[in-house]
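Chemist: Here it is, the structure in full.
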Amino acid sequence: MTPNRCANAIGGRWDELPGLPEVTFMHAVLLPHSSRILFWGYGQRSDQARLWDQATALYTQPANQPYAIANDENIWSGAQAHLNDAAGTILVHGGYMTGGGVSPDTERRAFLFDPGTSTFSPATDLHVGRFYPTTLTLADGSAMTLFGQDNAHAGATANSLEIFTPGPPAGHGTWSAAKTLPFNYFYYPWTFLLPLGDLFVAGPQKPARRFDRTATPIVDLPSRRYNQVYPQRGTNMDGTAVLLPLRPPLYRARVLIAGGSGNPTWSASEAGALATAEWIDLSAPSPTWEALPDMNVARDHLNSVLLPDGRVIVLGGWESPPGGGPVEIFDPEDPTAGFLIGPSMKHPRGYHSAAILLPDGSVIMGGDPNGGSTPNERYLPSYFFKPRPAITTSPGAIGYGAAFQVSTPSPTAIEEVVLMRAGAVTHGFNHNQRYVGCRITGTAGGAVHAIAPTDGNVAPPGHYLLFLVDHDRVPSLGAWLRLT
């Protein structure tokens with residue numbers, strides 16, 4: 001007998017994962033070519049990072065640690081991003097200047113993680129210390145970091161951006177000179193690369209802004225400021241934001257923000273949590289924030305995750321322990337339906353927590369309240385309890401605008417071909433998650449034929465999970481490919 005089969009097929013199910021993560025699941029990165037997660041938490045410590053492998057359900061340590069490379073590092077509250085190379089290298093940088101052994105350069109340290117060998121190596125130091133920055137991959141495959149704090153260097157402006165380019169010298173890469181921004185946000189500002197190449201900062205401070213990072217100097221145009229419907233959503237990594245699915249041919253950019261705190265002062269608690277949500281359509285002639293139906297429960301330090309069926313889940317940030325509160329599901333194609341309430345987690349997840357999509361379409365969440373002594377949990381969305389389409393064969397790499405095909409036993413049942421960018425998340429904001437649709441051109445010979453996204457502004461180069469989604473909006477398992 002399968003208990004609660006109908007309920008699972010509507011709201012999904014939570015499972016507690018075996019074993020203990022040993023360190024707080026605060027920063028999490030999905031590693032390409034696998035179902036492994038690189039994660040780390042509080043520091044400074046010599047064993048700060050861990051790996052979790054969905055295939056084996058085991059937690060292990062990398063072959064080395066950042067501390068062995070620079071004993072003044074502390075990558076807690078730094079940032080991370082995927083680089084565009086065949087290995088799927090991860091850039092890790094910045095962090096927290098506190099504790100024994102740190103130096104004024106702690107917040108400038110940077111490292112590269114090779115998923116193939118599970119090793120860290122040094123990268124060139126940043127020009128500016130970055131504590132609580134946002135880092136994302138750009139259209140050319142470089143990684144841009146912006147904002148954050150430099151607590152050790154007088155005159156260093158953290159309201160600036162730097163761009164990391166992999167390669168020389170000696171494989172350590174280079175950072176561009178810091179470029180000043182005429183405004184500032186904190187902390188982990190919700191910044192997105194839009195399909196036309198400009199950047200959009202959705203908050204949490206007001207107003208939201210859209211700007212051209214390539215301009216010299218960068219200009220803060222009043223016509224590109226967008227005041228949100230509700231008051232500011234807090235200061236201390238409160239609330240969450242997500243760029244909603246980008247679908248051809250227009251790749252319309254919409255951003256959802258939700259939750260946060262009505263408490264204007266710095267706080268790691270969930271006091272004053274908000275249930276409100278709103279969104280903006282940046283493809284409209286005059287973009288304007290619009291209120292959405294409230295979430296069912298108020299949430300402060302919550303996470304949001306894009307699913308391959310186009311829906312968004314919000315989770316964590318729950319005010320009422322001992323449980324972790326319910327997951328809620330929002331469908332951007334049916335916004336008036338609001339947030340569907342789903343099953344509850346076993347453990348509370350708040351300020352220092354992370355949630356990230358896995359290759360099979362499930363979501364792992366971990367973190368608060370007790371660091372590495374609290375088991376992580378895995379959410380199985382409703383499509384796990386329905387027949388799912390299958391991918392027989394798929395390409396390992398595709399180029400922009402290129403035609404490709406995906407073999408499947410039921411090509412005529414497929415509604416969408418979707419690329420989901422590997423996630424990189426911390427403190428409730430996933431800097432790298434992205435849902436990009438591919439235009440279907442036909443079905444023949446047991447395959448779906450499609451066209452890849454047009455350029456790197458729509459879909460930055462790198463590693464994606466390919467999903468086939470059928471007419472009932474049920475996705476297949478994901479298959480790795482590289483878009484380049």
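Chemist: From the list Ile356, Ile341, which residue is closer than 30 Å to Leu20 by Cα and open to solvent by 30 Å² or more (accessible area, probe 1.4 Å)?
Modeler: After ruling out the rest, the residue left standing is Ile341.
Chemist: Further question: Quickly run through segment 1-33 and pick out the residues that are touching a Phe, Trp or Tyr at 6+ places or on another chain (Cβ under 8 Å) and more than 23 Å from Gly428 (Cα to Cα).
Modeler: Arg5, Asn8, Ala9, Gly19, His33 - these are the residues of segment 1-33 that are touching a Phe, Trp or Tyr at 6+ places or on another chain (Cβ under 8 Å) and more than 23 Å from Gly428 (Cα to Cα).
Chemist: Collect the residues in segment 398-415 that are touching a residue at least 60 places away in the same chain (Cβ under 8 Å) and open to solvent by 10 Å² or more (accessible area, probe 1.4 Å), keeping them in residue-number order.
Modeler: Ile398, Gly399, Tyr400, Ser410
Chemist: Any residue in segment 288-296 that is buried (at least 23 other Cβ atoms within 10 Å of the Cβ), in contact with a Leu (Cβ under 8 Å, 6 or more places away or on another chain) and aliphatic (A, V, I, L, M)?
Modeler: Our first condition is that a residue be buried (at least 23 other Cβ atoms within 10 Å of the Cβ); within segment 288-296, this holds for 295.
Next, only the ones that are in contact with a Leu (Cβ under 8 Å, 6 or more places away or on another chain) stay: none.
There is no residue in segment 288-296 that is buried (at least 23 other Cβ atoms within 10 Å of the Cβ), in contact with a Leu (Cβ under 8 Å, 6 or more places away or on another chain) and aliphatic (A, V, I, L, M).
Residue-wise test of (1) under 22 Å from Gly173 (Cα atoms); (2) buried (at least 24 other Cβ atoms within 10 Å of the Cβ); (3) out of contact with any strand residue (DSSP E or B) (no Cβ under 7 Å at 6 or more places or on another chain).
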position: Gly12; (1), (2), (3): no, no, no
position: Thr24; (1), (2), (3): no, yes, no
position: Leu58; (1), (2), (3): no, no, yes
position: Asp105; (1), (2), (3): yes, no, yes
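Chemist: If I ask for residues that are over 15 Å from Pro375 (Cβ atoms), out of contact with any Gly (no Cβ under 7 Å at 6 or more places or on another chain), part of a strand (DSSP E or B) and of a type outside the set (Gly, Ala, Ser), which ones from segment 30-60 would you list?
Modeler: Hits for segment 30-60 are Arg36, Leu38, Trp40, Leu51, Asp53, Thr60.
Chemist: Still on this structure, please answer the following. Condition check: open to solvent by less than 10 Å² (accessible area, probe 1.4 Å) and modelled with pLDDT of 95 or more. Does Asp309 satisfy that?
Modeler: Considered against the rule, which asks whether it is open to solvent by less than 10 Å² (accessible area, probe 1.4 Å) and modelled with pLDDT of 95 or more, Asp309 comes out as yes.
Chemist: Out of all the residues in segment 99-144, which are among the hydrophobic types (A, V, I, L, M, F, W, C) and more than 22 Å from Leu31 (Cβ to Cβ)?
Modeler: Selection gives Val102, Leu126, Val128, Phe131, Ala139.
Chemist: Quick one: in segment 108-118, which of the residues that are closer than 14 Å to Arg36 by Cα and part of a strand (DSSP E or B) is farthest from the chain's Cα centre (by Cα)?
Modeler: Going through the qualifying residues, I end up with Asp114.
Chemist: Scan (1) touching a Gly at 6+ places or on another chain (Cβ under 6 Å); (2) more than 17 Å from Met144 (Cα to Cα); (3) part of a loop (DSSP other than H, G, I, E, B) for the single condition Asn457 breaks and write down its number.
Modeler: Here Asn457 meets the rest and fails (2).
Chemist: Sticking with this one: Looking at segment 296-317, which of its residues are of a type in the set (Gly, Ala, Ser) and within 15 Å of Leu246 (Cβ to Cβ)? Before the answer, list the steps.
Modeler: First pass over segment 296-317, keeping only residues of a type in the set (Gly, Ala, Ser): 298, 304, 310, 316-317.
Within segment 296-317, Gly310 is the sole residue that qualifies.
Chemist: From Asp85, Asp105, grab the single residue that is among the acidic types (Asp, Glu) and more than 20 Å from the chain's Cα centre (by Cα).
Modeler: Asp105
Chemist: Which one is farthest from the chain's Cα centre (by Cα), of the residues in segment 130-147 that are open to solvent by 10 Å² or more (accessible area, probe 1.4 Å) and over 22 Å from Gly456 (Cβ atoms)?
Modeler: Phe131
Chemist: Which pairs have Cβ atoms under 7 Å, sit 6 or more apart or on different chains, and link a residue in segment 77-95 that is touching a residue at least 24 places away in the same chain (Cβ under 8 Å) and part of a loop (DSSP other than H, G, I, E, B) to one that is open to solvent by 10 Å² or more (accessible area, probe 1.4 Å) and among the acidic types (Asp, Glu)?
Modeler: From segment 77-95, the pairs are Ala87/Asp114; Thr89/Asp114.
Chemist: So Ser382 clears everything in (1) buried (at least 18 other Cβ atoms within 10 Å of the Cβ); (2) among the small types (Gly, Ala, Ser); (3) at pLDDT below 95 except one condition, right? Which one?
Modeler: Ser382 satisfies all of (1) buried (at least 18 other Cβ atoms within 10 Å of the Cβ); (2) among the small types (Gly, Ala, Ser); (3) at pLDDT below 95 except (3).
Chemist: Name every residue in segment 260-301 that is modelled with pLDDT of 95 or more and not in a loop (DSSP other than H, G, I, E, B), in order of residue number.
Modeler: Of everything in segment 260-301, those that are modelled with pLDDT of 95 or more and not in a loop (DSSP other than H, G, I, E, B) turn out to be Ala277, Glu278, Trp279, Ile280, Asp281, Glu290, Ala291, Leu292.
Chemist: With respect to Ala422, determine if the residue is hydrophobic (A, V, I, L, M, F, W, C), buried (at least 18 other Cβ atoms within 10 Å of the Cβ) and closer than 30 Å to Gly316 by Cα.
Modeler: Considered against the rule, which asks whether it is hydrophobic (A, V, I, L, M, F, W, C), buried (at least 18 other Cβ atoms within 10 Å of the Cβ) and closer than 30 Å to Gly316 by Cα, Ala422 comes out as yes.
Let's see how each residue does on (1) small (Gly, Ala, Ser); (2) outside any loop (DSSP other than H, G, I, E, B); (3) buried (at least 18 other Cβ atoms within 10 Å of the Cβ):
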residue: Val128; (1), (2), (3): no, no, yes
residue: Ala158; (1), (2), (3): yes, no, yes
residue: Ala170; (1), (2), (3): yes, no, no
residue: Ala177; (1), (2), (3): yes, no, no
residue: Pro189; (1), (2), (3): no, no, yes
residue: Phe200; (1), (2), (3): no, yes, yes
residue: Arg210; (1), (2), (3): no, yes, yes
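Chemist: Shifting gears a bit: Just one of the numbered conditions (1) closer than 27 Å to Pro204 by Cα; (2) without any contact (Cβ under 8 Å) to a residue 60 or more places away in the chain; (3) open to solvent by 10 Å² or more (accessible area, probe 1.4 Å); (4) not aromatic (Phe, Trp, Tyr) is not true of Asp368; which one?
Modeler: The single condition Asp368 does not satisfy is (2).
Chemist: Among the residues of segment 184-233, write down those that are in contact with an Asp or Glu (Cβ under 6 Å, 6 or more places away or on another chain) and free of Cβ contacts under 8 Å to residues at least 40 places away in the same chain.
Modeler: Those that are in contact with an Asp or Glu (Cβ under 6 Å, 6 or more places away or on another chain) and free of Cβ contacts under 8 Å to residues at least 40 places away in the same chain: Asp198, Asp212.
Chemist: Let me ask another. Restricting attention to segment 426-453, which residues are in contact with a Pro (Cβ under 8 Å, 6 or more places away or on another chain), open to solvent by 10 Å² or more (accessible area, probe 1.4 Å) and among the hydroxyl-bearing types (Ser, Thr, Tyr)?
Modeler: The answer is Thr443, and nothing else.
Chemist: Which condition from (1) in a strand (DSSP E or B); (2) over 21 Å from the mean Cα position of the chain (by Cα) is the one that Glu162 breaks?
Modeler: That leaves (2) as the condition not met.
Chemist: Now for a separate question. Has segment 72-79 got any residue that is over 23 Å from Val128 (Cβ atoms), open to solvent by less than 50 Å² (accessible area, probe 1.4 Å) and at pLDDT 95 or above?
Modeler: no
The values are calculated or read from the model by the stated rules, or taken from the named source; none is laboratory data. Predicted model, so just to flag it, every value in this text is computed and none were measured. Glycine also receives a Cβ, built like all others from the backbone with ideal geometry; neighbour counts cover every protein chain displayed. These accessible areas exclude ligands, DNA and RNA; they are computed on the full protein's heavy atoms, side chains included. Shrake-Rupley method; radii C 1.70, N 1.55, O 1.52, S 1.80 Å.
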